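*Asks:* First the structure, which I've put down as structure tokens, then a few questions once you've had a look.
The values are calculated or read from the model by the stated rules, or taken from the named source; none is laboratory data. The model shown is predicted, which means the values in this text are computed figures rather than measured ones. Heads up, the Cβs are rebuilt from the backbone with ideal geometry, glycines too, and the neighbour counts pull from every protein chain shown.
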Amino acid sequence: MKIHLNGQLVDEDQARISVFDSGFVLGDGVWEGLRVVDGHPAFLEPHLDRLFEAARSIVLDIGLDPDELTRAIYETIEANGLDNDAHLRVMVTRGVRREPYQDPRLAIGKPTVVIVPAKSPHDPAAVERGLKLFTVHVRRGAPDVQDAKINSHSKFNCISACIQANEAGADEALMLDPHGFVATCNSTHFFIVRGGEVWASSGKYCLGGITRGNVLRLCRDNGIACFEKDFSLTDVYGAEEAFVTGTLGGLTSVRSVDGREMDTPLPGPVTRRLQTLYADLIRADVADRRAPEGRT
């Protein structure tokens, strides 16, 4: 694969950063994942808005404007011949530090900007199988501890949750908020369906998910009752359906939570309808896109 590294496309085995890079030393940076559909980055604008907002919040100058970053994204797509079943990770760190310590003022020079492509073949069997979730002890904290609205490189709380879920034989960790209500999963957003209603968490303790927001909007636009609210594991265990959302997977059914199987065959009727609506939405988004002019 060709990696976009600080303005240059380089071979994968030549894509290197300094051991003093802020991202490597301290996880000091922000990132976004983008799904590639029909050769275009889907829902690009909200992803870039979230990236630039996160960078502003930690006083990180990306060094590129959104148009310049868009050109780099398309260069990476074209250089790797990406069409479908692919994604990109756009990563920005504060750059090289003089010394491996926390103070951001130790950063020298420009930020490090990396775009990593990957193929992600669709697995129909996984869709039919659904996901097993396990509720972990690791909580999503309050924003004065680590603000979940910032998609930062410092993701160890999610990694720790993922480790616990892996050890329990699950596919993904279900994480609670500081008050014991369901917050989100370690890398996706979580929904349940009860009485035909779609429930999502309050959103106070999770990343502002692009796919999550699209699904909530699809519900409202298509007459599906939906609510962002506090709910407990008891509500989850009694749900007819559950699913998770994410940039790469879209909507994926959940088979079980903490060993409790969902009542309906997968995908459930509400999940299946939303999957169809989302597929139409993402195709409509990329159908209107054009690669920018002036790429190098």
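*Asks:* Kindly indicate whether any position in segment 225-248 is more than 30 Å from residue 39 (Cα to Cα), in contact with a helix residue (DSSP H, G or I) (Cβ under 8 Å, 6 or more places away or on another chain) and crowded, with 22+ Cβ neighbours inside 10 Å.
*Replies:* Looking for residues that are more than 30 Å from residue 39 (Cα to Cα), in contact with a helix residue (DSSP H, G or I) (Cβ under 8 Å, 6 or more places away or on another chain) and crowded, with 22+ Cβ neighbours inside 10 Å, one finds at least one in segment 225-248, hence yes.
*Asks:* Still on this model: Go through 49, 83, 103 for me and flag whichever is over 20 Å from the mean Cα position of the chain (by Cα) and either modelled with pLDDT of 95 or more or outside the structural domain of residue 266 (by TED's automatic domain parsing) (or both). Please lay out each step first, then the result.
*Replies:* Values: 49 fails: over 20 Å from the mean Cα position of the chain (by Cα); 83 fails: over 20 Å from the mean Cα position of the chain (by Cα).
The match here is 103.
*Asks:* Select, from 165, 170, the only residue that is hydrophobic (A, V, I, L, M, F, W, C) and in contact with a Lys or Arg (Cβ under 8 Å, 6 or more places away or on another chain). Break it down into steps so the answer makes sense when it comes.
*Replies:* Working: 165 fails: in contact with a Lys or Arg (Cβ under 8 Å, 6 or more places away or on another chain).
Every option except 170 fails the conditions.
*Asks:* Find the residue count for segment 101-125, including only residues that are over 14 Å from residue 61 (Cα atoms) and in contact with a Ser or Thr (Cβ under 6 Å, 6 or more places away or on another chain).
*Replies:* Pass one, segment 101-125, residues over 14 Å from residue 61 (Cα atoms): 101-103, 106, 114-125.
Restricting the remaining residues to those that are in contact with a Ser or Thr (Cβ under 6 Å, 6 or more places away or on another chain) gives 115, 117.
Looking only at that region, the number is 2.
*Asks:* I need every pair where a residue in segment 52-70 that is outside the structural domain of residue 147 (by TED's automatic domain parsing) has its Cβ under 6 Å from the Cβ of a residue that is part of a helix (DSSP H, G or I) and loosely packed, with under 15 Cβ neighbours inside 10 Å, sequence separation at least 6 or different chains.
*Replies:* So the pair list comes out empty.
*Asks:* Inspect all residues belonging to segment 148-156 and state whether any of them is assigned by TED's automatic domain parsing to the domain that holds residue 247, under 16 Å from the mean Cα position of the chain (by Cα) and surrounded by fewer than 14 Cβ atoms within 10 Å (Cβ to Cβ). Walk me through how you get there before you give the answer.
*Replies:* Looking only at segment 148-156, we keep the residues that are assigned by TED's automatic domain parsing to the domain that holds residue 247, and these are 148-156.
If we keep only those that are under 16 Å from the mean Cα position of the chain (by Cα) too, we end up with 148-156.
Still in the list and also surrounded by fewer than 14 Cβ atoms within 10 Å (Cβ to Cβ): 156.
Taking every residue of segment 148-156 in turn, at least one turns out to be assigned by TED's automatic domain parsing to the domain that holds residue 247, under 16 Å from the mean Cα position of the chain (by Cα) and surrounded by fewer than 14 Cβ atoms within 10 Å (Cβ to Cβ).
*Asks:* How about segment 277-296: which of its residues are surrounded by fewer than 18 Cβ atoms within 10 Å (Cβ to Cβ) and farther than 18 Å from residue 212 by Cβ?
*Replies:* Scanning segment 277-296 gives 283, 284, 287, 288, 289, 290, 291, 292, 293, 294, 295, 296.
Table: residues versus (1) surrounded by 17 or more Cβ atoms within 10 Å (Cβ to Cβ); (2) out of contact with any Gly (no Cβ under 7 Å at 6 or more places or on another chain); (3) assigned to a loop (DSSP other than H, G, I, E, B); (4) modelled with pLDDT under 95.
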| site | (1), (2), (3), (4) |
| --- | --- |
| 35 | yes, yes, no, no |
| 45 | no, yes, no, no |
| 69 | yes, yes, no, no |
| 87 | yes, no, no, no |
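*Asks:* Go through 220, 255 for me and flag whichever is among the basic types (Lys, Arg) and either assigned to a loop (DSSP other than H, G, I, E, B) or in contact with a Cys (Cβ under 9 Å, 6 or more places away or on another chain) (or both). Even if it seems obvious, please write down each step before you answer.
*Replies:* Values: 255 fails: either assigned to a loop (DSSP other than H, G, I, E, B) or in contact with a Cys (Cβ under 9 Å, 6 or more places away or on another chain) (or both).
Criteria check complete, one pass: 220.
*Asks:* Taking into account only those residues within segment 184-203 that are within 21 Å of residue 156 (Cβ to Cβ) and not β-branched (Val, Ile, Thr), which is surrounded by the fewest Cβ atoms within 10 Å (Cβ to Cβ)? Working first, answer last.
*Replies:* First, the residues of segment 184-203 that are within 21 Å of residue 156 (Cβ to Cβ): 184-190.
Right, trim to not β-branched (Val, Ile, Thr) and you get 185-187, 189-190.
Numbers: 185: 26, 186: 22, 187: 19, 189: 24, 190: 24.
Residue satisfying both the conditions and the ranking: 187.
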